[in-house]
Amino acid sequence: MLRTYFSLQMHLTLFVILTCASAPVQGFSSGLVMASCGDLTPQHSGIAASSSPPPFIIYTDRTEYSEGDEIIVTLQANSTQFQGFLMQAREVGGSQPVGSFSLMGNDSRLLECNGQSDSAVSQVSGESKQTVQNKWTAPQSGQLKDIEFRVTFVQNYPNFWVGVKSPVVVYNSTSTTSPATPGPFVNEAISSVGCGKSKVCFSIPDNCDPAGGSSDCYFMSATATQAGSIQFELYGSSQGYISVGFSDDQLMGQDDIYICRKDSAGEILVEHAYSTGRSTPQVLPLGDVSDIKTSFVDGVISCTFVSKNAISTQRSAAGLVYHIMFAYGLTNNGKIMRHAASARFVSPQKIDISAPQVITTTGQPQIIKAHGALMLIAWMTTGSLGMLIARFLKEATKGRKCLGKHLWFLAHVFLMVLTVAMTIIAFILSFSHVKGWSGGSHPVLGCLVMILAFFQPLAALFRCGPEHHWRFIFNTMHTLTAVAIKGLAVAAIFTGLYLVEHSEGRWLQKVMGGFVAWEALLFAMQDLQMRWRQKSDDEEVFQTYHTEVILFLVFFLGNLAFLVALLVGIGMT
């Protein structure tokens, strides 16, 4: 009986402790945050709002409104996604919500604030979000004033930003503002006049002039104005769309894009979009874009427009220096389709679009091709041959010397020194061209190869003699380092081929995969032959090395074939 009493008392105490401990913890991942309607502050006990600049942007598709107008509001994440949000429209300087919202997706819910239904929007769940869009409708009557959208963003429980403001939307009782519509336009309005002097130009082929009406010319230009806007010109042959993008690297993803596309009626429209990867870009409100002019003549799309929108990518620092991408493709009932790899062109280096210049796709990129060619020759041919000779052909050249050294040793040293020299030259070429750090894991792998390849021969200079009792330590470390360098070099080549090749089939990477399989097969055959010879009791067999020499020649010829195929492929990229 007493035991039962103490057991009940213990369970009751535990229940009270858990209840008290959990009482102050409030979860609002469902978005039911009516308690925050007034000050827009999340009920995150003991945590203050962040004072740093918010990594989020609020877009509106109009800059003016009148009674009953609808405005699409977009919440866009830049460098980090958000889990929750609370949005209201308020008069500038006001504290009460105005107007009403309607949903444009399944990631938001409507809230009633201050007794007004649908006067706020919040999230449905705590899942991470990149973009959220909803529609706001102005009141049909009343004393309307200029408004702004105020949004609280929650990145996670301890990190949130309260009352982030959108650009002001001006009340105009006579406003009939609607999305900008294209005006009349002709192809001849776009030309290469001013390229390098007053505007940035990027074209394929280099220096082609769209004024001639050529269907083989793909062209874009950007002209910075004193008012802080950028005037864009796009021209290219396409039955669907042409587009220009701005990226922090040469790969798709986290890119700010403008698209000139045919809609289902055959009209050319200008769209603003954001790419999160290789999928269809997310369409954004057009924002502060004006003076749109478009045409579709003889299969060629032309468009010009002026944008005051800030370019938005994943990087935290704002600016006008980006890789420029140009792409074109087809549309299906007005929806853009994925473009072919051959229909995408990227500037070799980052461009300051406020500094007039002509971007070319030839010239400097040849340095990168030379870098790739040297690395392929070094680690597919000379390095592989040097390693194979040291591992399997010592006995085949036994007794043969030159300059007092074993012939196999001289061949090994010559090939490996040549490999290291080519690696150093390739390393210098790459970094002298890029003048920075880009390309993901490729430069990291390249630096590791460079460091290990540089110190490998230096360590060999200080090795102890062949008969020294510690010699096995050097032999083991020398072998393991060589294997590590080889593995890192192969990985660096794969990632490098990914950067320079944009074909759908990734042909160069498949050839490289074939080379790795070929090299592994021949090394395995040499190893089996060596082990079989070591176990053989046949003295005559033991003294002949025809098989090793034949395998070496086959290995060399196969590597040469793969090397030539890859060098030709790099030359064609």
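The values are calculated or read from the model by the stated rules, or taken from the named source; none is laboratory data. Everything numeric in this text was worked out from a predicted model, so none of it was measured. Using ideal geometry, Cβ is built from the backbone for each residue, glycine included, and neighbour counts are taken over all protein chains shown.
Restricting attention to the range 241-265, which residues are small (Gly, Ala, Ser) and surrounded by fewer than 20 Cβ atoms within 10 Å (Cβ to Cβ)?
Narrowing the range 241-265 to residues small (Gly, Ala, Ser): 243, 245, 247, 253, 264-265.
Listed by number, the residues that qualify are Gly253, Ser264, Ala265.
Answer with yes or no whether Gly126 is of a type outside the set (D, E, K, R), under 22 Å from Ala48 (Cβ atoms) and part of a loop (DSSP other than H, G, I, E, B).
On the way: of a type outside the set (D, E, K, R): yes; under 22 Å from Ala48 (Cβ atoms): yes; part of a loop (DSSP other than H, G, I, E, B): yes.
Spelling it out, Gly126 is indeed of a type outside the set (D, E, K, R), under 22 Å from Ala48 (Cβ atoms) and part of a loop (DSSP other than H, G, I, E, B).
Considering only the range 474-491, I want to know if a residue exists there that is under 30 Å from Ala343 (Cβ atoms), of a type outside the set (S, T, N, Q) and surrounded by 12 or more Cβ atoms within 10 Å (Cβ to Cβ).
To start, the set of residues in the range 474-491 that are under 30 Å from Ala343 (Cβ atoms) comprises 491.
Next cut, of a type outside the set (S, T, N, Q) only: 491.
Retained after the next criterion (residues that are surrounded by 12 or more Cβ atoms within 10 Å (Cβ to Cβ)): 491.
Taking every residue of the range 474-491 in turn, at least one turns out to be under 30 Å from Ala343 (Cβ atoms), of a type outside the set (S, T, N, Q) and surrounded by 12 or more Cβ atoms within 10 Å (Cβ to Cβ).
When only residues in the range 544-573 that are farther than 19 Å from Lys394 by Cβ and among the polar types (S, T, N, Q) count, which is surrounded by the fewest Cβ atoms within 10 Å (Cβ to Cβ)?
In this case the residue turns out to be Thr573.
Quick one: in the range 322-374, which of the residues that are among the hydroxyl-bearing types (Ser, Thr, Tyr) and within 22 Å of Cys217 (Cα to Cα) is modelled with the lowest pLDDT? Walk me through it before giving the result.
The first filter runs over the range 322-374 and keeps only residues among the hydroxyl-bearing types (Ser, Thr, Tyr), leaving 322, 328, 331, 342, 347, 354, 360-362.
Checking which are within 22 Å of Cys217 (Cα to Cα) leaves us with 328, 331, 342, 347, 360-362.
Details: Tyr328: 90, Thr331: 84, Ser342: 67, Ser347: 87, Thr360: 78, Thr361: 67, Thr362: 55.
The residue in question is Thr362.
Say whether the condition of being under 20 Å from Ile204 (Cα atoms) and touching a helix residue (DSSP H, G or I) at 6+ places or on another chain (Cβ under 9 Å) is met by at least one residue in the range 343-350.
So the first thing to find is which residues in the range 343-350 are under 20 Å from Ile204 (Cα atoms), and the list is 343-350.
Okay, now just the ones that are also touching a helix residue (DSSP H, G or I) at 6+ places or on another chain (Cβ under 9 Å), so 348-349.
Checking the range 343-350: at least one residue is under 20 Å from Ile204 (Cα atoms) and touching a helix residue (DSSP H, G or I) at 6+ places or on another chain (Cβ under 9 Å).
Would you say Ser279 is farther than 25 Å from Ala189 by Cβ and out of contact with any strand residue (DSSP E or B) (no Cβ under 9 Å at 6 or more places or on another chain)?
So Ser279 passes the test.
Mind checking which pairs have a first residue in the range 124-136 that is farther than 11 Å from Ile58 by Cβ and modelled with pLDDT of 85 or more and a second that is part of a strand (DSSP E or B) and of a type in the set (Lys, Arg), Cβ under 9 Å, 6 or more apart or different chains?
Val124/Arg109
Taking the range 266-280 as the search range and keeping residues that are touching a residue at least 40 places away in the same chain (Cβ under 8 Å) and assigned to a loop (DSSP other than H, G, I, E, B), which one is surrounded by the most Cβ atoms within 10 Å (Cβ to Cβ)? Explain how you work it out, then say what you get.
Taking the range 266-280 and keeping what is touching a residue at least 40 places away in the same chain (Cβ under 8 Å), we get 267-270, 274, 276, 278, 280.
So of that shortlist, the ones also assigned to a loop (DSSP other than H, G, I, E, B) come out as 267, 276, 278, 280.
Details: Glu267: 13, Thr276: 16, Arg278: 9, Thr280: 13.
Checking each candidate, the answer is Thr276.
Consider only pairs whose beta carbons are under 7 Å apart and that are at least six residues apart or on different chains; among these, list those whose first residue lies in the range 46-60 and is farther than 10 Å from Gln76 by Cβ and whose second residue is buried (at least 18 other Cβ atoms within 10 Å of the Cβ) and among the hydroxyl-bearing types (Ser, Thr, Tyr).
Thr60/Ser166
In the range 33-66, which residues are within 26 Å of Gln140 (Cβ to Cβ) and under 33 Å from the mean Cα position of the chain (by Cα)?
Ile58, Tyr59, Thr60, Asp61, Arg62, Thr63
When the residues of the range 413-434 are filtered to those that are under 28 Å from the mean Cα position of the chain (by Cα) and among the hydrophobic types (A, V, I, L, M, F, W, C), which remaining residue is nearest to Ala460 (Cα to Cα)?
Of the residues in the range 413-434, the ones under 28 Å from the mean Cα position of the chain (by Cα) are 423-434.
With the extra rule that they be among the hydrophobic types (A, V, I, L, M, F, W, C), the set shrinks to 424-429, 431, 434.
On the way: Ile424: 18, Ile425: 21, Ala426: 23, Phe427: 22, Ile428: 24, Leu429: 27, Phe431: 28, Val434: 33 Å.
So the residue we want is Ile424.
Of all residues being surrounded by fewer than 17 Cβ atoms within 10 Å (Cβ to Cβ) and under 32 Å from the mean Cα position of the chain (by Cα) in the range 164-180, which is modelled with the highest pLDDT? Just the residue, please.
Restricting to residues being surrounded by fewer than 17 Cβ atoms within 10 Å (Cβ to Cβ) and under 32 Å from the mean Cα position of the chain (by Cα), the top hit is Lys165.
Each row is one residue, and each column tells you yes or no for (1) more than 32 Å from the chain's Cα centre (by Cα); (2) of a type in the set (S, T, N, Q); (3) not in a loop (DSSP other than H, G, I, E, B).
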{"position": "Ile72", "(1), (2), (3)": "no, no, yes"}
{"position": "Val121", "(1), (2), (3)": "no, no, yes"}
{"position": "Asn134", "(1), (2), (3)": "no, yes, yes"}
{"position": "Gly142", "(1), (2), (3)": "yes, no, no"}
{"position": "Val154", "(1), (2), (3)": "no, no, yes"}
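Any residue in the range 551-573 that's closer than 16 Å to Ile389 by Cα and in contact (Cβ under 8 Å) with a residue 60 or more places away in the chain: show its pairings with residues that are assigned to a helix (DSSP H, G or I) and among the small types (Gly, Ala, Ser) at Cβ separation under 8 Å, as long as the two are six or more apart or on different chains.
Phe555/Ser384; Asn559/Ser384
Can you tell which of Gly105, Gly94 is closer than 29 Å to Gly277 by Cα, not in a strand (DSSP E or B) and not assigned by TED's automatic domain parsing to the domain that holds Ile311? Show your work before the answer.
Values: Gly94 fails: closer than 29 Å to Gly277 by Cα.
After applying the criteria, what remains is Gly105.
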